[in-house]
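The values are calculated or read from the model by the stated rules, or taken from the named source; none is laboratory data. Note that the structure is a prediction, hence the values are computed from the model and not measured. Cβ placement follows ideal geometry from the backbone for every residue including glycine, while neighbour counts extend to all protein chains displayed. We work out accessible area using only protein heavy atoms, side chains counted, and drop any ligands, DNA or RNA first. Shrake-Rupley method; radii C 1.70, N 1.55, O 1.52, S 1.80 Å.
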Amino acid sequence: MSDKQHLYLVDGSAYIFRAYHRLPPLTNPEGTPVGAVYGYTTMLWKLADDLDKADGPTHLAVVLDKSSHSFRNELYADYKAHRPDPPEDLVPQFPLIRDATRAFSLPVIEEPDVEADDMIASYAKAAIRKGWDVTIVSSDKDLMQLIGQCGEGDLEPGVTTGGCIDMLDTMKDARIGREDVVAKFGVPPEQLGDVLALMGDSVDNIPGIYGIGPKTASKLIADNGSLAAALDSAADMKASKLKERLLEGREMAELSRVLVELKCDCPLPVALEDMKLDGIPPEPLAAFLETHGFHSLLKRLGAGAGSPDRPTNLNPAKQSQQGAAAAPAGNAQPLPEWPAVDREAYECVQTLERLEHWTARAQAAHMIAIDTETSSLDPMRAELTGISLALGPNDACYVPLGHGGSDMFAERPQQVDRAAAIAVLKPMLESDAVLKVGQNIKYDITILSRCAGIVVAPVEDTMIMSFDLDAGRSLDGIGGGHGMDELAQRHLGHTTLTFKDVCGTGKKAIPFGEVPLDKATQYAAEDADVTWRLYQVLKRRLPEEGATRVYERVDRPLIPVVAGMEREGIKVDKAALAKLSETFAETTAGLETEIHELAGEPFTIGSPKQLGDVLFDKLGHKGGKKGKSGQYSTDQSVLERLAGEGAPIANKVLEWRQLTKLRSTYTEALQAAINPETGRVHTSYSLVGAQTGRLSSTDPNLQNIPIRTEIGREIRKAFVPEDGNVLLAADYSQIELRLAAHMADVPQLKEAFASGEDIHSRTAQEMFGTVDRDTRARAKTVNFAILYGISRWGLGGRLGIEADEAQDIIDTYFQRFPGIRNYIHETLESVRAKGYSETLFGRKTWFPRINSKQQNERQGSERAAINAPIQGTSADIIKRAMARMTPALLEAGLPDVRMLLQVHDELVFELPEGDVEAASPVIARVMAEAALPAVELTVPLGIEIGHGPSWDDAH
DNA sequence: TCGTTCACG
DNA sequence: GACGTACGTGAACGAG
């Protein structure tokens, strides 16, 4: 069936409206807004690029609305009336859509007095009659009526089977088929018109019946089979609002039915055969991309074949009022005039003389970009394979140190003697007079320290610079990450070689040490070159955008500190973990049998899908709720409810879940994570992991070791000190609430913290006038709700009350603590205007969706924006404490105290038992004073300290 | 690869 | 009228 034709019909007009709302207000070099056009262009690109894919187009055309007038206006004067004028910066983009399509040399269909929907319907029908498949690129629900049609009974002569129609929503990258229509509307596409006629459409001003929405409409149609039958059924209904509405709305519904009907017999101005997609001539496209400043696309075009990845590197828009929030990450200044990256220009350093030449130049330049190549991503296990250096654009080299050695090379390529090379590099890499710049240089610090005994300092990190400038600054299709490939694309318009390009992927992947030197040099030196360039770009932005303080005073000093913590690692008691694992396994096996017996059949308990079916369909428990995936939810809260309703299986499943989780995520994984060389577990902290400025921990994650349940705490007991030592844990007590009290200026809460009162009790007193277990618990929930950005639904859910009651509680809270209301208000106003929130130390977090027209997106951003300054300030404070900790301990004569872990508001140390008494006050003081002198808090920071023979005992 | 669930602050 | 509903993470698992 290789000759199966597949026509794609793009609903261009509809697309551009959606693109407009979801993409930043970019302008082209002439100042014309082109954000929506850019989105449209990338979409066309992607479609055209799918040409060779199984489901891809063989034919493609774009259909546009030429005029808003059609036969429907004759039927109903108000049709599409009240439709607001398009935003003024969208208007000039309409003609550009046509230009963009022509630039791709694709046919454009636009006919006067015919709506795009009807034209699409007519073409789609014509194509399926020929046996072609059709994909409508749109998300218009009217067009969903066409889905699944196959031209049955109306085929052209000689055609045996009709084609099939489906839809593609490129915004969500989702194909929409018959089942999706049924899932969304409760009826198949053939009956969708009836549903639409009942519910109406406020955008097109199709009246429908007032008071009937999608749910009611689809139920009526599903129950009665047709619009006419549904309307007739009203007569037999008992008196109700619905009955009245149906009786009164009959005419409107019948009119609406005609309005939503698609006209399928429009004359076709372009023949189907002429829509053949046959390669896209590059010249007109290049000219178009050039005109509008779509440089990354232009670059991609130049790069030729290959599927383009995410679009980036648009010319940043001039900052308009709302543009400030939505502008993509980018440098405001024009790029320096650098030559394009030339991988052939790099040197492979194979003699000591050449290496000495490079280090001498580095000493003279006082700055160098470096990058290490290794055998593994885990810096605690990796071997050093080579190091690359860059001193300017295209002025870069690669020094291979560990290439060859396996049979893939006939002989080991010529390389500088490793020990000699290290001896030459060491003075430069350790010199105070030479700044070492890296992309995630923490990794290189660890490698060079472990493998070469080099203590790299001082350092700069382009990844962290990017984070401090642009955290959170991402939009659809415009990446917001801080990885080198993405940064190179965004800031330099350059596509780097990827690791996969040189080493392959999956089973065929080879270690970097087996990559031939010429290719290895291109890849490795490019990374250093790009890092050098990125540093120039980002360094200039730091002061311009007010990010210097947080970078210099909070994040940069932390790099060697965190590298040291990772290197320390923590000891775990392997035998204890193994024993726990076994116990868990036995208990789990028993539970599994019991659960299967209760269910009456064996099934995969770990599959939420199967579990949901067993609980709600097979066992017939009530109250099953399906989420958007069409699957029952079986999470903890649901199971707890079932258990309360007397379902014995629910508790068993809960226990099973807990034990399997603990076993697979902790007791098994932690044993495997023990480093054979050190006998300890070394996590990796990401300094750019959380948008708010928190660290995150991976491989393994040591920031989510159980503590809340008795059985989980058994795992914490397996974290132990070396003989003669203890573990000490110091944590900030209620730091986020303290910061909220300070930042929102709430006198009662500040007093309570100052006098060491229980904060939730104080809140209960203020809110409910009395303190008991219940009011304290509720006050605690409310306090957290505030920190997380409150909504009455969310709070209601947590407290098990109606949203109205929750709203009353929120009102009371605001009344008692008006500072909180002001804080929320002012924070949101500021984020809406500036596009970012700020911590007390000036850390910015961007919220590009804060002014979104999509309510849920906007509200989600609002909640995150309320939380970010608080969570972020807390992160800043503990980071400052960490950076000061080792010097403070050294000064206090405590060199044997080692900081091992950070868990957001807690620091874990390992120290000789005899040092506890001396170290505790030093640690507590450094933590308590960490905000000073930059910020003087009006609440004290309380520190709780404990120590013992395990992490659990330290609490 | 995605969605779900659940471990932490 | 419907949507999804507390903020920030990472890991494991099943299923497509």
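Counting only DSSP beta bridges whose two residues both lie in the stretch A:343-545, roughly 60 percent are antiparallel. On the stretch A:151-304, 54 percent of the accessible area sits on carbon and sulfur atoms, based on a 1.4 Å probe. Entry note, the stretch A:179-261: relative contact order of 34 percent, from Cα contacts under 8 Å with a spacing of 6+ residues. Available extension along the chain between residue A:210 and residue A:773 is 197.9 nm, counting 0.36 nm per residue and deducting the alpha carbon span.
The alpha carbon radius of gyration of the stretch A:179-261, expressed as a multiple of 2.2 N^0.38 Å, is 0.98. In this rough spin-label picture, where each label sits 7 Å from Cα along the Cβ direction, the residue A:344-residue A:781 distance is 7.0 nm.
Beta bridges assigned by DSSP with both partners in chain A are antiparallel in approximately 65 percent of cases. From largest to smallest, the equivalent ellipsoid semi-axes obtained for the stretch A:343-545 from the alpha-carbon gyration tensor read 26, 21, 15 Å. About its Cα centre, the dipole of chain A is roughly 1180 debye, where the only charges are +1 on Lys and Arg Cβ and -1 on Asp and Glu Cβ. Put +1 on the Cβ of each Lys and Arg and -1 on the Cβ of each Asp and Glu in chain A; which of A:872, A:654, A:91 then has its Cα farthest toward the positive end of the dipole? Looking along the dipole axis, the top candidate is A:872. 3J(HN,Hα) along the stretch A:618-623: 6, 7, x, 5, 8, x Hz, from the Karplus curve 6.51 cos²θ - 1.76 cosθ + 1.60 with θ = phi - 60°, whole Hz, x for Gly and Pro. In the full protein context, chain A carries 44 Å² of accessible surface per residue, based on a 1.4 Å probe and ignoring ligands, DNA and RNA.
Evaluate the relative contact order of the stretch A:71-177 (contact order divided by residue number), counting alpha-carbon pairs under 8 angstrom at least 6 apart; express in whole percent. Result for the stretch A:71-177 is 21 percent. The listed residues A:118, A:3, A:432, once ranked by accessible area (1.4 Å probe) with the largest placed first, stand as A:432, A:3, A:118. Just the number, please: carbon plus sulfur as a percent of the accessible area of the stretch A:571-679, 1.4 Å probe, no ligands or DNA/RNA counted. Carbon-and-sulfur percentage of accessible area, whole number: 51. At full extension, residue A:283 and residue A:105 could sit 63.1 nm farther apart than now, given 0.36 nm per residue minus the alpha carbon distance. Using a 1.4 Å probe on the protein chains only, how many percent of the accessible area of the stretch A:735-870 belongs to carbon and sulfur? It is 45 percent, rounded to a whole number. Volume per residue of the convex hull around the Cα atoms, evaluated for chain A, comes out as 218 Å³.
Taking each residue as 0.36 nm, the span from residue A:17 to residue A:417 lengthens on full extension beyond its C-alpha to C-alpha distance by 137.8 nm. Here residue A:94 sits with roughly 60 square angstrom of accessible surface, probe radius 1.4 Å.
Placing unit charges on C-beta atoms (Lys and Arg positive, Asp and Glu negative, everything else neutral), compute the dipole magnitude of the stretch A:735-870 about its Cα centre in debye, rounded to 20. The dipole of the stretch A:735-870 has a size of about 560 debye. The relative contact order of chain A comes to 10 percent, based on Cα pairs under 8 Å that sit 6 or more residues apart.
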